[in-house]
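Trainee: First the structure, which I've put down as structure tokens, then a few questions once you've had a look.
Coordinate-derived values only; no laboratory data. Please read these numbers as outputs of a predicted model, since none were measured by experiment. No Cβ is skipped: glycine too gets one built from the backbone with ideal geometry, and neighbour counts run over all protein chains shown.
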Amino acid sequence: MACKSRIQGMTAKLVVKNKKLYSFQYLVKIKVNKLMRFSAGQSYGNMGKQDFLKIPNNALNAHPLPKTDKKKK
């Protein structure tokens, strides 16, 4: 029995303080069938002086991702 689902809505909230992204939240609402609804989301934020949500000014200035060592020791 296949179940048809439909996205009912999505909300996103971004908070900027001192020209820096301070927090980010999103929530997705899904209607699974006539009687069942489901919502899921996540929240990200900076804690204290840590700046977890850094946004580069230019994509060309971004640093490359770290490479993993595939050789096992």
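Trainee: Tell me the net charge near Ile7. Cut-off is 9 Å between Cβ atoms, Ile7 excluded, with +1 for each Lys or Arg and -1 for each Asp or Glu.
Mentor: Local charge sum for Ile7: +3.
Trainee: Starting at the first residue of the range 26-36, write each ³J(HN,Hα) from the Karplus equation 6.51 cos²θ - 1.76 cosθ + 1.60 with θ = phi - 60°, in whole Hz, x for Gly and Pro.
Mentor: Along the range 26-36, the couplings run 9, 9, 10, 10, 10, 9, 7, 8, 5, 10, 10 Hz.
Trainee: If r is the Cβ-Cβ distance from Lys17 to Phe38 and R0 is 25 Å, what FRET efficiency results, to the nearest 0.05?
Mentor: Efficiency computed from Cβ-Cβ geometry: 0.20.
Trainee: Now a separate question. Sorted by average packing, counted as other Cβ atoms within 10 angstrom per residue and highest first, what order do 17-29, 34-46 take?
Mentor: 17-29, 34-46
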